[in-house]
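Trainee: If you scroll down you'll find the structure; I have some questions about it.
The values are calculated or read from the model by the stated rules, or taken from the named source; none is laboratory data. Computed from a predicted model, the values in this text were never measured in an experiment. Ideal geometry is used to build each Cβ from the backbone, glycine not excepted, and the neighbour counts take in all protein chains shown. Only protein heavy atoms, including side chains, enter the accessible area calculation; ligands, DNA and RNA are left aside. Shrake-Rupley method; radii C 1.70, N 1.55, O 1.52, S 1.80 Å.
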Amino acid sequence: MVQRRVRSGRGRRGVVFILCLLLIVVIAPFAIVAFASVERNVSMSGNFRDIVCARHAAESGMGFLLRVLDDVRMRPETDAGTLTANLGAQVHEILEGTGNLGGGAVTWDAAAVRVPAVRLDDGEFTATLVPVVEADGTLRCRLVVVGTHAAARCQTSIVLNLVKKQSRVFDYGVASRGAIHVTGSALIEGKNFPQAASVLSASDEPVAVEVGGSATISGDIYVTGDSDTVVLKGNSLSVGGESNLLKIMENHVHGATDDPQFPPLDLTPFPPLVKRIVDSTTSVSGGQTWNNIRIKAGTNPNFGSQATFNGIVYVESPNSISFEGGCTLNCIIVTDGGGGGDTSTNRLNFRGSVNAPGISALPNTAEFAAVKALGGTLILAPGYNVTFRGSSNNVSGILAADQLSFAGNSSITTELKGTVLGLRDLPMSLSGNATIRINHGDWDGLAAGFRHPWGLTEDPGSYVESPLP
């Protein structure tokens, strides 16, 4: 009998088991370390995302608020004591109009203006505007924006300079506190772009803007009251490039427009610059040249054709003055305020052709040096009715008066480098073939004769960004 010995595998299985245990003992620490590393990396990734989102929120808030602050126009008398109140009220109004306050409110006290949290897709930002008075007395403002996401926070800040800026009223081609009537074949158009010829009326009369006949306005119509105060008469008119009356009312008439703040006047720079008196004893005839003159009250001169006016023409009230055809205006015509503002007796009448390049045409001589420092304005006539009946060329500057009218075949045959501005709640009219071409592209300074509002501009070199604990 053959016997076979069967070897038991029990010993080998024990060895394998021991080896597996040893392998687990060796690998387990690495697995634990790896798991911890993954968990740490996930946490780091999440923290990094929070930091990036917080930074993005801060930077987005900074960019957004700089655009908002570019629209700020604070009263000319704003100083260190009133800065936060004037600035806070405007920032609140602008942000409320954008719908980004979410029911919150901009608050302010003497120390700062505070913008509540504005929500973004990832995170949110808050902002503070703090007045800064430099050692030399210069008033500035620091904008601080803090972005947050989860527990991460990032802060950005920039210094803003207070500078004088043009009132928004000068963004329009024609603007008036009174009603505006554009009838007949009158034309208001923008030279560089149609919207430069937009018109604004701040009148509360039942008819704030009337457009009739075959009149054309290449821009849009804005009224501070209800859009129902805009009246369109006839089927031949055009507004904003549109002739359909329903489409004009729907797309090119804007009611409840914010009042763009007609700036107060500052007439003080002009009287010291006059050198010659014109009164009832002065011989006035055609073809004469007049440099830096003061026209005394009650003179009522009729300047003959081909007269030339250089520098300042300062008018005392009352006066009714006629400028006949062919006159040249290398000047600023400014009145003393009207002495009661009776526009039936206080009048400036321009008849025939007028060449009006303004003070830019003056020679660079000592006689006109101080005048040439003033710019942007051609006529500033508070208390007066200014009438144009004839063609005008190269009108370089703002035309501002209590009341203005362009009648008959009056036209600005080249362009008006400025705005037609009605200073008082009196009707302004453009009728007949009156034509005004608006050019806002050649003037970026501050118009003389106005107290301009304060605005804010950033100092790019002051920008600072840092994470917060």
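Trainee: Between K233 and A373, what FRET efficiency comes out of the Förster formula 1/(1 + (r/R0)^6) with R0 = 41 Å and r the beta carbon distance, rounded to 0.05?
Mentor: Working: r = 46 Å, r/R0 = 1.12.
About 0.35, to the nearest 0.05.
Trainee: May I pose another question? Between V284 and T345, what's the calculated FRET efficiency when r is the beta-carbon distance and R0 is 25 Å? Round to 0.05.
Mentor: Between V284 and T345 the formula returns 0.85.
Trainee: Which residue, S60, P318, L468, has the largest displacement toward the positive end of the dipole of the chain when charges sit on each Cβ (Lys, Arg +1; Asp, Glu -1)?
Mentor: Sorting the options by dipole projection puts first L468.
Trainee: Counting other C-beta atoms within 10 Å, and keeping those with at most 13, which DSSP coil trypsin sites (Lys or Arg not before Pro) do you find in the range 215-307?
Mentor: Those satisfying the criteria are K275.
Trainee: Could you work out how far helix 83-98 tilts from the main Cα principal axis of the chain, as a 0 to 90 degree angle to the nearest 10?
Mentor: Here the helix axis deviates by roughly 70 degrees.
Trainee: Students often forget the sequence filter, so: which lysines lie under 18 Å Cα-Cα from K275 once same-chain residues fewer than 8 apart are removed?
Mentor: K296, K372
Trainee: Using only Cα atoms, find the angle between the long axis of helix 10-70 and the longest principal axis of the chain, and express it within 0 to 90 degrees, rounded to the nearest 10.
Mentor: Relative to the chain, helix 10-70 is tipped by roughly 10 degrees.
Trainee: Projecting each Cα onto the charge dipole of the chain (Lys/Arg +1, Asp/Glu -1 at the beta carbon, about the Cα centre), which of N244, N291, L423 comes out farthest on the positive side?
Mentor: Ranked along the dipole, the leading option is N244.
Trainee: Given axes a ≥ b ≥ c from the Cα gyration tensor, I'd like to know whether the chain is rounded (a/c under 1.5), prolate (a/b larger than b/c) or oblate.
Mentor: It comes out prolate by the Cα gyration axes.
Trainee: Under a 1.4 Å probe, what is the accessible area of the chain per residue, stated in Å²?
Mentor: Accessible surface, normalised per residue, equals 47 Å².
Trainee: Give me the percent of accessible area attributable to carbon and sulfur for the chain, probe 1.4 angstrom.
Mentor: The computed percentage sits at 54.
Trainee: Sticking with this structure for a sec: How high is the relative contact order of the chain, given as a whole-number percent (alpha carbon pairs under 8 Å, six or more residues apart)?
Mentor: Averaging sequence separation for qualifying contacts and normalising by length gives 15 percent for the chain.
Trainee: In nanometres, what is the gap between the two model label sites at T128 and F48, each 7 Å from Cα along Cα-to-Cβ?
Mentor: 3.2
Trainee: From the phi angles alone, apply the Karplus equation (6.51, -1.76, 1.60; θ = phi - 60°) to the range 387-404 and give each ³J(HN,Hα) in whole Hz, x where the residue is Gly or Pro.
Mentor: In residue order, the calculated couplings are 10, 10, 9, x, 8, 10, 10, 6, 6, 9, x, 6, 9, 10, 7, 4, 8, 10 Hz.
Trainee: Run the dipole for the range 137-261 about the Cα centre, Lys and Arg Cβ at +1, Asp and Glu Cβ at -1, nothing else charged, and hand back the magnitude in debye, nearest 20.
Mentor: Computed about the Cα centre, the dipole is about 880 debye.
Trainee: If you put +1 on each Lys and Arg Cβ and -1 on each Asp and Glu Cβ, how big is the dipole of the range 272-339 around its Cα centre, in Debye rounded to 20?
Mentor: Dipole about the Cα centre, nearest 20: 160 debye.
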